[in-house]
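The values are calculated or read from the model by the stated rules, or taken from the named source; none is laboratory data. In this text the structure is predicted, and so the values were computed from the model without any measurement. Here the Cβ is made from the backbone with ideal geometry for all residues, glycine too, and neighbour counts use every protein chain on show.
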Amino acid sequence: MGRYCFGVDVGGTTVKLGVFNEDGDLLEKWEIPTVTKNGGKKILPDISASILAKMEEREMEREEVVGVGIGAPGPIDSEGTIYDAVNLGWGTFSLKKELQILLNLPVEAGNDANVAALGEMWQGGARGYENVVLVTLGTGVGGGVILDGKILPGSTGAGGEIGHLHMNDEETLSCGCGNKGCLEQYVSATGFLRMAKEKLAAVDDPSSLRKTDPADLTAKDVWDAVKAEDPLALSLAEEFGKYLGKACANIACVVNPEIFVIGGGVSKAGNILIDYIQKYYKQYAFHSCRGALFTLARLGNDAGIYGAAKLILS
């Protein structure tokens, strides 16, 4: 008799789901809408209904299913309690217990970025390592910390909130979290683009970036200009590398990972990112941490469902 598990990754727009065998092979994946109205009350019942329908469709017996792992955007502690997932409309409650009751199956829950880090450790860019830090560079900056093969959630599930490391005392603009000078304000796609526009407005240097209307400029445009050795873009890449390299050096002093995995939309720029991050990491890192490796994430948008499945297979 085969044994299976489900991995669930709850996003603000869609919920990604996958069914895996116990060897970690993804057999099928699909999505359902995330219905956030009315305090997100339909999200868990919709997930439950989708999983039960898939079990029926694939003629799975309940005893063949090891359980369901779920990752969601918000602090989630080691007991599966989520603390205010604002963009889903959720307050504080036991995500693990609520879904367990709906499904009558074992459930494990974790923060989405931490769960994605677990996925990258298990079947992605950090396969073969057990001490891993994932940095996700998207609209914001997320992160996850894996020590000895296990997620480090922290006391209230806020472990791995890398994007809110304080990096700049001189910053006058507020981060989305309300603080000023967070890492997210400089190395996210949004933050990097803001730095580019500020530099273009402040200097008269010729740059290929000026050929694009500032309103249409993207982070990809800037990284393409870096690859073309545009001087202004190169100076921005140095700033990016310094912020993120220094942040990783600080993280390494606390958790001493074997490997950093760089993911998220910005990571599509490729290995050129790694070059700039490593340059400054080696400059700022404590000597015993300096040998940490850097690599790009490999699972893309599937990291969350892989990591969620690993939660239940651990």
Can we say S207 is touching a residue at least 40 places away in the same chain (Cβ under 8 Å), in contact with a helix residue (DSSP H, G or I) (Cβ under 8 Å, 6 or more places away or on another chain) and of a type in the set (G, A, S)?
no
Counting only residues in the range 18-67 that are of a type in the set (A, V, I, L, M) and in contact with a Cys (Cβ under 7 Å, 6 or more places away or on another chain), the one farthest from V107 (Cα to Cα) is identified as V65
Enumeration of residues in the range 1-54 that are touching a residue at least 60 places away in the same chain (Cβ under 8 Å), surrounded by fewer than 17 Cβ atoms within 10 Å (Cβ to Cβ) and not in a loop (DSSP other than H, G, I, E, B):
L26, K29
Selection status of E98, buried (at least 23 other Cβ atoms within 10 Å of the Cβ), touching a helix residue (DSSP H, G or I) at 6+ places or on another chain (Cβ under 8 Å) and not hydrophobic (A, V, I, L, M, F, W, C):
no
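Just checking: which of the helices (runs of 4 or more DSSP H) contained wholly in the range 160-278 hold 2 or more residues that are β-branched (V, I, T)? Spell out the reasoning first.
Values: elements: 184-187, 189-202, 219-227, 231-255.
The qualifying helices (runs of 4 or more DSSP H) are 219-227, 231-255.
Only one of A247, A219 is modelled with pLDDT of 95 or more and under 30 Å from K16 (Cβ atoms). Can you tell me which?
Values: A219 fails: modelled with pLDDT of 95 or more.
None of the others qualify; the one that does is A247.
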The range 282-314, subset of a type in the set (K, R) and outside any helix (DSSP H, G or I), residue farthest from M121 (Cα to Cα)
R290
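For E130, indicate whether it is at pLDDT 95 or above, within 29 Å of A297 (Cα to Cα), charged (D, E, K, R) and within 17 Å of the chain's Cα centre (by Cα). Steps first, answer last, please.
Details: at pLDDT 95 or above: yes; within 29 Å of A297 (Cα to Cα): yes; charged (D, E, K, R): yes; within 17 Å of the chain's Cα centre (by Cα): no.
Spelling it out, it is not the case that E130 is at pLDDT 95 or above, within 29 Å of A297 (Cα to Cα), charged (D, E, K, R) and within 17 Å of the chain's Cα centre (by Cα).
Yes or no, residue by residue, for (1) more than 30 Å from G67 (Cα to Cα); (2) under 19 Å from the mean Cα position of the chain (by Cα):
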| site | (1), (2) |
| --- | --- |
| V254 | yes, no |
| I262 | no, yes |
| G270 | yes, yes |
| L273 | yes, yes |
| I277 | yes, yes |
| K282 | yes, no |
| A292 | yes, no |
| N301 | no, yes |
Does S235 satisfy the condition of being under 18 Å from I274 (Cβ atoms), among the polar types (S, T, N, Q) and in the same structural domain as I274 (by TED's automatic domain parsing)?
no
Given (1) touching a residue at least 40 places away in the same chain (Cβ under 8 Å); (2) loosely packed, with under 14 Cβ neighbours inside 10 Å, number of the condition H287 does not satisfy
(1)
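Among the residues of the range 133-152, write down those that are modelled with pLDDT under 90 and surrounded by fewer than 24 Cβ atoms within 10 Å (Cβ to Cβ). Walk me through it before giving the result.
Of all residues in the range 133-152, those modelled with pLDDT under 90 come to 138-140, 142.
Hits for the range 133-152 are G138, T139, G140.
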D84 is checked against (1) surrounded by 24 or more Cβ atoms within 10 Å (Cβ to Cβ); (2) of a type in the set (D, E, K, R); (3) at positive phi and fails just one. What number does that condition carry?
(1)
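With the condition being over 30 Å from T218 (Cβ atoms) and in the same structural domain as P45 (by TED's automatic domain parsing), I'd like the strands (runs of 3 or more DSSP E) fully within the range 85-154 carrying at least 2 qualifying residues. Working first, answer last.
Values: elements: 92-94, 107-111, 132-137, 141-147.
Those strands (runs of 3 or more DSSP E) span 92-94, 107-111.
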